[in-house]
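Asks: Let me begin by handing over the structure; questions about it come next.
The values are calculated or read from the model by the stated rules, or taken from the named source; none is laboratory data. Quantities reported herein were computed from a predicted structural model and do not represent experimental measurements. Quick reminder, even Gly has a Cβ in these numbers, built from the backbone with ideal geometry, and neighbours come from all protein chains shown. The accessibility values were calculated without ligands, DNA or RNA, using every heavy atom of the protein model including side chains. Shrake-Rupley method; radii C 1.70, N 1.55, O 1.52, S 1.80 Å.
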Amino acid sequence: MSWLDYFRANRKPEPPATASAAKERLQIVLAHERIGRTREDFLPKLQMELVAVVARYVAIDPGKVNINLDRGGDMSTLAIEIELPGPPSVRGPRAATG
Amino acid sequence: MAQVIVVTSGKGGVGKTTTSAAIATGLAQRGKKTVVIDFDVGLRNLDLIMGVERRVVFDIVNVIQGEARLNQALIRDKRVDTLSILPASQTRDKDALTREGVATIIDQLKEDHDFILCDSPAGIEKGALLALYFADQAIVVTNPEVSSVRDSDRILGVLQSKSKRAEEKRDKVKEHLLVTRYDPNRVERGEMLKLEDIREILAIPLLGVIPENESVLRASNTGTPVIMDQESAAGQAYKDAVSRFLGEDVPHRFLEPDKKPGLFKRLFGGRAA
Ligand SMILES: Nc1ncnc2c1ncn2[C@@H]1O[C@H](COP(=O)(O)OP(=O)(O)OP(=O)(O)O)[C@@H](O)[C@H]1O
Ligand SMILES: [Mg+2]
């Protein structure tokens with residue numbers, strides 16, 4: 001190992017500039033939290049009502065409802081996944097989802 | 001008319017007690033009759049930072065429960081004669097502080113003080129709510145770090161909805177941003193949120209920027225508020241902040257890395273530090 005190698009090996013790699021990621025994430029989360037302060041969070045109610053509507057048509061297992069929210073800067077997405085029971089003959093592990 | 005100032009942050013460990021001790025001492029040094037109250041019941045620490053821990057006899061809970069008079073519980077600072085400290089209780093729990101009790105104490109203190117500083121505990125629970133309830137002004141202590149900035153935003157929301165001024169629909173609590181533990185070297189490397197970013201996000205007037213500085217630990221070791229160390233960057237930065245608080249126009253310092261200016265800077269000039 002030459003002298004130069006010694007210095008190269010000890011030089012730390014440039015750390016990525018993470019501060020801009022911090023700023024962007026803060027701006028998005030705070031934009032949402034500031035709204036939440038003046039309006040109550042409607043998501044739990046929305047979820048209950050949606051599931052109730054679906055339950056009027058099919059028998060669903062309340063434990064098999066998945067709600068995912070992604071808060072973005074320009075747009076947020078709310079994904080609700082309700083697992084519906086399959087036809088009686090194939091009930092069980094192969095139950096369809098949708 | 002006496003002003004009640006809360007030093008608050010939401011997040012813990014960002015420098016509220018360090019700041020309360022420094023600003024209270026600074027205001028008193030400027031001749032203002034100042035009292036600083038520790039609201040961190042159960043986790044009293046202001047007494048240590050102020051160096052009066054051996055002189056505590058009674059505390060705020062004793063006063064509220066009628067076991068001591070306010071004058072007996074107040075500790076006169078030996079360095080600055082316009083300064084006194086009202087310690088928190090170490091043994092009682094937070095429920096020992098009542099809003100009525102605190103109201104009586106603050107009303108009494110208002111009679112013969114210019115400034116009443118309230119060192120808030122962390123969080124947004126009862127103790128923190130009580131510390132900010134009577135505030136006319138708030139110093140929001142923020143570190144250049146995501147969770148601290150978020151919690152500061154949260155506490156600003158609380159100030160605007162849960163303070164006495166908000167409840168009574170009077171003029172809102174006057175807000176001041178104090179960024180502490182700022183490390184210009186890490187900012188320059190892009191590792192730490194820039195001052196401008198924090199200002200843009202929180203959008204409240206800037207009182208000061210206190211650099212990350214070894215002098216703060218030294219000051220706490222000896223129980224001397226860091227503002228008394230005027231050799232140190234943090235001490236000077238706190239002194240500037242006190243001047244701004246009193247309405248003076250003082251430029252911000254310690255915002256640039258303390259290394260020798262590079263060729264580019266020497267040729268084209270950097271921003272004044
Ligand atoms: N400018 C600074 N430079 C270096 N260290 C600092 C600075 N400000 C505060 N500290 C250190 O940070 C730690 C926390 O400070 P402090 O006790 O003032 O925070 P706090 O907000 O009152 O905490 P808590 O929420 O627990 O009451 C202490 O060890 C203190 O010495
Ligand atoms: Mg503290």
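Asks: Starting from residues that are open to solvent by 30 Å² or more (accessible area, probe 1.4 Å), within 18 Å of the chain's Cα centre (by Cα) and within 16 Å of ligand 1 (Cβ to nearest atom), keep the ones in region B:190-223 and report whichever is nearest to the other protein chains (Cβ to nearest Cβ).
Replies: By that ranking, first place goes to B:Glu212.
Asks: Out of B:Asp47, B:Asp40, I need the residue that is within 16 Å of ligand 1 (Cβ to nearest atom), among the acidic types (Asp, Glu), open to solvent by less than 40 Å² (accessible area, probe 1.4 Å) and outside any loop (DSSP other than H, G, I, E, B). Which one?
Replies: Exactly one of B:Asp47, B:Asp40 is within 16 Å of ligand 1 (Cβ to nearest atom), among the acidic types (Asp, Glu), open to solvent by less than 40 Å² (accessible area, probe 1.4 Å) and outside any loop (DSSP other than H, G, I, E, B), namely B:Asp47.
Asks: What are the residues in region B:139-168 that are more than 15 Å from ligand 2 (Cβ to nearest atom) and either under 20 Å from B:Ile85 (Cβ atoms) or of a type in the set (Lys, Arg) (or both), if any?
Replies: Within region B:139-168, B:Arg150, B:Arg154, B:Lys162, B:Lys164, B:Arg165 meet the criteria.
Asks: Oh, and also: Filter region B:109-128 down to residues that are charged (D, E, K, R) and modelled with pLDDT of 95 or more and give me whichever is least open to solvent (accessible area, probe 1.4 Å).
Replies: Among those residues, the one meeting the criterion is B:Asp119.
Asks: Just name the residue that is farthest from the other protein chains (Cβ to nearest Cβ) out of those in region B:108-146 that are of a type in the set (A, V, I, L, M, F, W, C) and more than 21 Å from B:Thr98 (Cα to Cα).
Replies: Selected residue: B:Phe115.
Asks: What number of residues within region B:156-178 are within 14 Å of another protein chain (Cβ to nearest Cβ) and assigned to a strand (DSSP E or B)?
Replies: Going through region B:156-178 one residue at a time, the tally reaches 0.
Asks: Same structure, new question: If I filter region B:98-108 for residues that are under 21 Å from B:Val216 (Cβ atoms) and either more than 18 Å from the chain's Cα centre (by Cα) or open to solvent by 10 Å² or more (accessible area, probe 1.4 Å) (or both), do I get at least one hit? I'd like the intermediate steps shown before the answer.
Replies: Start the filter on region B:98-108 by keeping residues that are under 21 Å from B:Val216 (Cβ atoms), which leaves none.
No, region B:98-108 contains no residue that is under 21 Å from B:Val216 (Cβ atoms) and either more than 18 Å from the chain's Cα centre (by Cα) or open to solvent by 10 Å² or more (accessible area, probe 1.4 Å) (or both).
Asks: Does B:Ala68 qualify as being open to solvent by less than 50 Å² (accessible area, probe 1.4 Å), touching a Phe, Trp or Tyr at 6+ places or on another chain (Cβ under 8 Å) and free of Cβ contacts under 8 Å to residues at least 60 places away in the same chain?
Replies: Here the answer is yes, as B:Ala68 does meet what is asked.
This table checks each residue for (1) under 22 Å from B:Ala128 (Cβ atoms); (2) away from ligand 1 (no atom under 16 Å from the Cβ); (3) not polar (S, T, N, Q).
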position: B:Glu67; (1), (2), (3): no, yes, yes
position: B:Asn71; (1), (2), (3): no, yes, no
position: B:Arg79; (1), (2), (3): no, yes, yes
position: B:Ile85; (1), (2), (3): yes, no, yes
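Asks: Evaluate the following for B:Ala138: is it open to solvent by 30 Å² or more (accessible area, probe 1.4 Å) and under 16 Å from the mean Cα position of the chain (by Cα)?
Replies: No.
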